[in-house]
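Reviewing the structure listed below.
Taken together, the values in this text are just the output of simple stated rules run on the coordinates, not laboratory data. Computed from a prediction, not measured in an experiment: that's the story for all the values here. In this analysis, Cβ positions are derived from the backbone assuming ideal geometry, glycine residues included, and neighbour counts consider all displayed protein chains.
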Amino acid sequence: MVTADQARDALVALQDAGTGRSLIDLGWIDQIRVDGQRALFRLVLPGFATSQRDRIASEARRSLLALEGLSDVQIELGAPAGGAPIGAAGHGPAGQLPDLKPVPGVRQVIAVSSGKGGVGKSTVAVNLACALARSGLRVGLLDADISGPNAPTMLGVADRTPEVSGEGASQVMTPIETCGIAMVSMGLLIDEDQPVIWRGPMLNGIIRQFLYQVAWGERDVLIVDLPPGTGDAQLTIAQAVPMAGVVIVTTPQKVSLQDARRGLAMFRQMGVSVLGVVENMSVFIPPDAPDRRYAIFGSGGGQQLAEEAAVPLLAQLPLEPGVVAGGDGGLPVVLSAPESVSAGAFAALASDLSARCLTRG
């Protein structure tokens, strides 16, 4: 006789099309049980995923009926519980997206995301923030890459600690002011070599604290530097705060495009506007031959992704030694080498995004 654990094992491979995460881990499939030759489970889909219902039901039936001893599958459609988190394993049944709560004083939020690590997403986020500040906007930067926080090093403040006042839920953190922007990061709160080994609920909590328990003041825009992938941080941001949209960062390489597509699809499924694609490391500009361009990571990838998704290709950012030196030295290239090709490309990106979604009033 088939057991409930065997039925669960048969369903664990079912995934959300956008994030690639297990439907059981997401809480969309629960209450799995077996009654004789019939398997039963409850399917609870958040609003943004209802288009997947038929596919999920079909795949679930096929997986369960492949078990010897089962001849029937009953799927119970559950009503999402309002306000329940969508997210990580252990959060319980998934619910509808909760009411989005703006960050007090912040006019717009723009997330910078990538499907994989190593594409320069944090470099883009930091330089974009600095370029927006140079244009006269009041800018905040939230480093939401909790386990790999690089923004403090890139902004030269890794040795500083933000001031915290109050206790418990009433605690308020004062962001670090540097390079014309206000920023918070887990990297400001832990030792340089200290790993952050947290499960989803703890990541959810600290990101919400960075959103709502930081004295951001009046900001025209808050740039959120997300970790790579399609995990808990992305889910938390998407279900917590209204956003102007997300910028997808990729390199021209095929492997980078594959992961970027997944990230882009996830945000679309969650109802977050995709502002466009940024192709980083588009060409290499050697310091001894600034007129030359070398497409060392291939070419055309960013344009291909943008065309597939019907979104703008916002920028093709070159790779220059000054970008690396600026990030390692704590003064982003936008500020350390404002006349460079890279700084000009970041300024153009900032101007484009300002025209699209950032207006002061």
Under a Gaussian network model of the chain whose springs join Cα atoms within less than 10 Å, the largest fluctuation of 136, 217, 166 belongs to 166
One finds, for residue 196 and residue 289 with R0 = 56 angstrom and r their Cβ-Cβ distance, a FRET efficiency to the nearest 0.05 of 0.85
Dividing the mean separation of Cα pairs under 8 Å (6+ apart) by the residue count of the range 216-298 yields a relative contact order in percent of 27
The range 277-296 scanned against label point 7 Å out from residue 303 along Cα→C-beta; backbone N under 18 Å for 277-284, 293-296
Straight-line reach check, residue 101, cutoff 23 Å on alpha carbons, 8 or more apart in-chain or any other chain, hits among lysines -> none
Rounded to the nearest 10 degrees, the helix 200-212 long axis (Cα) sits at an angle to the longest Cα principal axis of the chain of 40
Ranked by GNM mean-square fluctuation in the chain (Cα springs under 10 Å), the top entry among 345, 169, 215 is 169
Listed residues 67, 305, 40; largest mean-square fluctuation, Gaussian network over the chain with Cα springs below 10 Å, found at 67
Taking Cα pairs closer than 8 Å and at least 6 residues apart, the relative contact order of the range 4-77 in percent is 31
Taking GluC sites (Glu not before Pro) in a DSSP loop with at most 13 other Cβ atoms within 10 angstrom as exposed, one finds the longest site-free stretch of the chain at 219-338
With DSSP loop assignment and no more than 11 other C-beta atoms within 10 Å, the trypsin sites (Lys or Arg not before Pro) in the range 269-361 are 292, 360
Shape descriptors of the range 4-77 over alpha-carbon atoms, Rg and Dmax in angstrom, are 11.5, 35
So for the range 298-338, using the alpha carbon gyration tensor with a ≥ b ≥ c as root eigenvalues (a/c under 1.5 gives rounded; past that, a/b versus b/c decides prolate or oblate), I'd call it prolate
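What number, rounded to the nearest 500 deg cm²/dmol, is the helix-based mean residue ellipticity at 222 nm of the chain, given -39500 (n - 2.57) per DSSP H run of at least four residues and division by all its residues?
-10000 deg cm²/dmol
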Filtered hits (lysines, Cα-Cα < 16 Å from residue 254, offset >= 8 within chain) -> 116
Which residues qualify? For residue 114, with a placed amide H closer than 5 Å and at least 5 residues away or on another chain, they are 229, 249
quick note, the chain, DSSP beta bridge pairs, % antiparallel (nearest 5) is 25
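Mind pulling the per residue volume of the convex hull built on the Cα atoms of the chain? Å³ is fine.
147
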Scoring only Lys, Arg, Asp and Glu (+1, +1, -1, -1) among other residues with Cβ under 13 Å from the Cβ of residue 121 yields -4
Full extension between residue 313 and residue 13 adds, at 0.36 nm per residue less the Cα distance, a length in nm of 104.6 nm
Hydrodynamic radius by Kirkwood for the range 262-316, inverse mean 1/r across distinct Cα pairs, in Å, is 12.6
So, relative contact order of the range 106-357 in percent, Cα under 8 Å, 6 or more apart, is 26
Under the rule rounded for a/c under 1.5, else prolate if a/b exceeds b/c, else oblate, using alpha carbon gyration tensor axes a ≥ b ≥ c, the range 97-147 is classed as oblate
